[in-house]
Amino acid sequence: MDSQPAYTPPGAKGEYRFSFGPWNIDEGADPFGPPVRQPVAMAEKMRVCRELGFHGMQFHDDDAVPELDTKSAAEIGRQARQVRRLLEDAGLEAEFVAPRLWFSPCTIDGAYTSNDPQCRQYAVDRSRTAIDIANELGARTLVLWLAREGSYIRESKNPRVEVLQIRDAIDAMLAHDPQITILIEPKPNEPVDSAIIPTIGHAVGLAYLTADPARVGCLVETAHSILAGLDPADDMAYGLAHGKLRSVHLNDQGGLKFDQDKSFGSYNLRRAFNQVRVLEEYGYGRNGEWVGLDVKVMRTQKQDANTKHLRNSLAMFKALLDKVVSLDREREAELIRERDYEELDRYLLHHLLGIAG
Ligand code: GLO
Ligand code: MG
């Protein structure tokens, strides 16, 4: 078990590296309507990334190498190296690669948990290729968003078997590359009705089932915790307590709706504050963990205003970090000692609003 870093003393502000993925600058298509903006080239996304003050990008395997199922290993390697050069030219790093296992006809019924053994094999092979791409990009981390691992009707799959199928797939990835770290990104629903690894607790439990738990961690996404009816800061704390929180996808979500990926803090500032607080107080980022912003721009945005969600989310993180550092800890501790939680509530809200006293 990893040791628990102490609370950061007030005033000592951590430094963070920020990232997002190419999918976070999109064309605005949704299930009910077509694209409303033009595609933006990868090199331009990288330029924007750097210009906005981010330090790295996240990739799906086929963001780096489009249509990779039709390409040879040599061709995949060549194209991935081109992306690496683009990154270097832009002064950026690759945080992680994630196998996009939810597009292929092979993964209609799930990837690692498909009822068809050939499809399960496809998913594992594709994940190994994603690791090879990660190596070419200089990323040491593979992220598994388990998009279709679950069911639309409960009786179509055996839930116990599903868990062990995912474990076996992760073990195959760990064996493929003794250096790679695997992070599980849980989400309770969408696109499947009922995900088999819906929360951070499930993800941490699954990590311990694998052949090398030290190399298996988790990524908490704000919106996914909220969709599970949980508090994202508490989910981050749970991951931190297990030494397993190795990445985050900050965004926001207005309750139990579709997965919104709103700008960080845009629905609930206090909830966002508590996320920044738990990261800052427990030394997140000091061992190289990244702060990812998995935010989506509103469909209404015009072409030339299609990155404001990234700019705003990063600025929000920094503003809330200042609020974390300037919180009066002694006053807070005193109110906790007195069990005067109404006063604590008022103090925190006034602190967030910038009202003195
Ligand atoms: C969707 C997920 C998705 C992943 C991405 C990287 O709900 O949040 O954006 O983070 O595919 O794995
Ligand atoms: Mg995400």
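The values are calculated or read from the model by the stated rules, or taken from the named source; none is laboratory data. Keep in mind that this is a model prediction, so the values were computed, not measured. Cβ sites come from the backbone with ideal geometry, for glycine too, and all protein chains shown count toward neighbours. Please note that ligands, DNA and RNA were not included when accessible areas were found on the heavy atoms of the full protein model with its side chains. Shrake-Rupley method; radii C 1.70, N 1.55, O 1.52, S 1.80 Å.
The residue pairs whose first member lies in the range 80-104 and is without any contact (Cβ under 8 Å) to a residue 12 or more places away in the chain, whose second member is in a helix (DSSP H, G or I) and within 16 Å of ligand 1 (Cβ to nearest atom), and whose beta carbons are closer than 6 Å, counting only pairs six or more residues apart or on different chains, do not exist in this structure. Contact map, the range 55-67: first residue away from ligand 1 (no atom under 12 Å from the Cβ), second residue in a strand (DSSP E or B), Cβ cut-off under 6 Å, separation 6 or more or different chains; pairs are His55/Phe18; Gly56/Ser19; Gly56/Glu93; Gly56/Glu95.
For Pro66, only one of the following conditions fails: (1) part of a loop (DSSP other than H, G, I, E, B); (2) within 14 Å of Gly138 (Cα to Cα). What is its number? So Pro66 meets the others, but not (2). Within the range 238-259, being under 24 Å from Arg299 (Cα atoms) and surrounded by fewer than 23 Cβ atoms within 10 Å (Cβ to Cβ) holds for Gly254, Gly255, Leu256, Lys257, Phe258, Asp259. Against the criterion of being in contact with a Gly (Cβ under 8 Å, 6 or more places away or on another chain), touching a residue at least 60 places away in the same chain (Cβ under 8 Å) and either open to solvent by 10 Å² or more (accessible area, probe 1.4 Å) or within 14 Å of ligand 2 (Cβ to nearest atom) (or both), Arg286 qualifies.
Scoring Lys302 on the criteria (1) in contact with a strand residue (DSSP E or B) (Cβ under 9 Å, 6 or more places away or on another chain); (2) loosely packed, with under 15 Cβ neighbours inside 10 Å leaves a single failure, condition (1).
Residues checked against (1) surrounded by fewer than 22 Cβ atoms within 10 Å (Cβ to Cβ); (2) free of Cβ contacts under 8 Å to residues at least 40 places away in the same chain; (3) more than 13 Å from ligand 2 (Cβ to nearest atom):
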site	(1), (2), (3)
Ile182	no, no, yes
Ser194	yes, no, yes
His202	yes, yes, yes
Thr210	yes, no, yes
Val216	no, no, yes
Thr222	no, no, no
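Of the numbered criteria (1) out of contact with any Ser or Thr (no Cβ under 7 Å at 6 or more places or on another chain); (2) of a type outside the set (Ser, Thr, Tyr); (3) buried (at least 18 other Cβ atoms within 10 Å of the Cβ), the one Ile76 fails is (1). Asp235 falls short on exactly one of the conditions (1) assigned to a strand (DSSP E or B); (2) away from ligand 1 (no atom under 13 Å from the Cβ), and that condition is (1).
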